Amino acid sequence: MRPFAFKRVSAPADAAKLVAANRNARFIAGGTNLIDLMKENVDRPDELVDISRLELTAIRRTLDGGVSIGALAKNSDTANNPLVRSQFPLLTQAILSGASPQIRNMATNGGNLLQRTRCAYFYDLGTKCNKRQPGSGCGAKDGLNRYSAVFGWSDSCVAVHPSDMCVALAALDAVVNVRQPDGKERKIRFAEFHRLPGDLPELDNTLSHGELITSIDIPKSNFGQNTYYLKIRDRASYAFALVSVAAAVELDKGVIKQARIALGGVAHKPWRCTEAERFLAGKKLDAAVLKQAAELAVKDAKPLSDNGYKVRLTQRSVERALRRAAKI
Ligand SMILES: Cc1cc2nc3c(=O)[nH]c(=O)nc-3n(C[C@H](O)[C@H](O)[C@H](O)COP(=O)(O)OP(=O)(O)OC[C@H]3O[C@@H](n4cnc5c(N)ncnc54)[C@H](O)[C@@H]3O)c2cc1C
């Protein structure tokens, strides 16, 4: 690990200004991802701005009946919060499927959104990776790509976003609240927060350097207990998703009023299956309809040499998650 300056701040405005002033500075929250990247020399900041003591930990009901979760609330506190557990069990389930209890006790919500890909080529300095070193090429596309994307990838990058929490937030149409270095605030819809790789795979999201996530709002919804997070992985615990599905259905007398389906482990960002969602809206709930929606969800998949299995796995997982959510 290389030497770096360490600064601790007590106000969000100071944090944003300090990081904005140095292109090579980073916020550090729980440190569970950033420190690993620094130890591996994948990221080499010369200044860390410690935001872990900022008072951005509140989890509270919002005026519209939704819930706001602080960027610095721990993943474990968020998952176990009574408001979150009762109103958004999908989020609780997704968070608890990730990492380990020890890591969730350190990891923060803001850090979870900004964790970087687990693509092996990104971590291995001896290989080509456009995300780590722009212009160097993508080793995974024609290499070992069993874990790589089947949706939305580009010739520059086939990496996937590793978060579980983000898949649930995508399905719940969350909104990310951000503080800019000039003191202004802005809101980013979750669908626009993470980005596809295109020609700029080094950029994971639409934040500018120095922008600080302060909280995440989850709007009120009528899914109730009709939600389910399904995570398929190589090991039963402490492993990232091969494929994950966040499913939610709003039911009214046996009819699907609306459905949400978001996928993890298959794209550079949490992947919403909007065509399948539209197909389900207004349909009478039955197993055949859910199966058809699952087929639609993978219609546009483009597998690579080693990850064709993900297409069938995703289809089966969507069907299973929808059935669990609808309780049929
Ligand atoms: C062994 C292991 C297994 C894991 N398994 C899973 C898993 O199965 N599923 C899963 O979802 N996750 C998993 N994780 C990832 C874990 O959830 C993340 O490392 C964690 O959420 C990151 O949060 P942090 O607070 O530690 O972030 P940090 O490491 O402190 O920061 C990560 C990044 O976010 C930036 N950042 C942090 N907070 C803010 C903010 N408020 N505003 C702007 N930028 C900010 C930092 O500058 C940095 O770039 C695993 C991690 C490990 C180490």
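Remark: region 90-176 carries a charge dipole of roughly 220 debye about the Cα centre, counting +1 on each Lys and Arg Cβ and -1 on each Asp and Glu Cβ. For HIS268, the residues whose amide H sits under 5 Å from its own are HIS161, ignoring neighbours fewer than 5 places away on the same chain, with H placed 1.01 Å from N. Using the Karplus relation 6.51 cos²θ - 1.76 cosθ + 1.60 with θ = phi - 60°, the per-residue 3J(HN,Hα) values for region 85-99 come to 4, 7, 8, 10, x, 4, 5, 4, 4, 5, 4, 6, 7, x, 6 Hz, with x marking Gly and Pro.
The 3J(HN,Hα) values that the Karplus relation (6.51, -1.76, 1.60; θ = phi - 60°) gives for region 234-251 are, in residue order, 5, 10, 5, 8, 6, 8, 6, 6, 6, 8, 9, 9, 9, 10, 8, 9, 9, 10 Hz. Gly and Pro appear as x. Bridging of LYS7 to lysines at a Cα separation below 28 Å is possible for LYS17, LYS39, LYS74, LYS131, LYS184, LYS187, once same-chain residues fewer than 8 apart are set aside. For region 226-263 versus region 38-72, the spacing of their alpha-carbon centroids is 26 Å. Straightening the chain between LYS283 and ALA21 buys 89.0 nm, computed as 0.36 nm per residue apart minus the Cα-Cα spacing.
Between ILE328 and ARG146, the distance separating the two model label sites (each 7 Å from Cα on the Cα→Cβ line) works out to 3.6 nm.
Only helices enter the 222 nm calculation for the chain: every DSSP H run of n ≥ 4 contributes -39,500 (n - 2.57), and dividing by all residues gives -7500 deg cm²/dmol, rounded to 500. One Cα centroid belongs to region 296-320, the other to region 79-94; the line between them spans 28 Å.
Taking every DSSP beta bridge that has both ends in the chain, the antiparallel portion is near 85%. Computed about the Cα centre, the dipole magnitude for the chain is approximately 720 debye when only Lys and Arg (+1) and Asp and Glu (-1) carry charge, each at its Cβ. Set the Förster distance to 22 Å, then compute FRET efficiency between LEU83 and ASN105 from the Cβ-Cβ distance, nearest 0.05. It comes to 0.70. Label separation (ASP124 vs THR274): 3.6 nm, computed from points 7 Å beyond Cα along the C-beta direction.
Computed extension length for ASP50-LYS299: 85.2 nm, one decimal, from 0.36 nm per residue of separation with the Cα-Cα distance subtracted.
Each of ALA20, LEU48, LEU34 was placed along the dipole of region 5-52 (beta-carbon charges, centred on the mean Cα), and the one lying farthest toward the positive end is ALA20. The HN-Hα couplings worked out from phi for region 126-132 by the Karplus form 6.51 cos²θ - 1.76 cosθ + 1.60 (θ = phi - 60°) are x, 10, 7, 7, 5, 6, 7 Hz, whole numbers, x standing for Gly and Pro. Build a GNM of the chain with springs between Cα atoms under 10 Å apart, and of PRO162, PRO134, PRO12 the one that fluctuates most is PRO134.
Amide H contacts for ILE59 (H built 1.01 Å from N in the peptide plane; partners 5 or more residues away or on another chain; cut-off under 5 Å): GLY70. Counting 0.36 nm for each residue step from ALA58 to GLU202 and taking away their Cα separation leaves a gain of 48.7 nm. Ordering PHE240, TRP153, LEU83 by Cα displacement along the dipole of the chain toward the positive end leaves LEU83 in first place; charges were set at the Cβ atoms of Lys, Arg (+1) and Asp, Glu (-1). What does the charge add up to near HIS161, with Lys and Arg as +1, Asp and Glu as -1, over the other residues with Cβ less than 12 Å from its Cβ? Here the charged neighbours net out to +3.
Each label point was placed 7 Å from the Cα along the Cα-to-Cβ direction; for ASP182 and ASP252 their separation is 4.4 nm. Taking the number of Cβ atoms within 10 Å of each Cβ as an exposure proxy, the fewest-first ranking of ILE51, ILE328 is ILE328, ILE51.
Against the chain, whose longest principal axis comes from its Cα atoms, helix 287-297 is set at around 40 degrees.
Bear in mind that the values in this text are calculations on the coordinates, not laboratory data. Keep in mind that this is a model prediction, so the values were computed, not measured. All Cβ positions, even for glycine, are placed from backbone atoms using ideal geometry, and neighbour counts span all protein chains on display.
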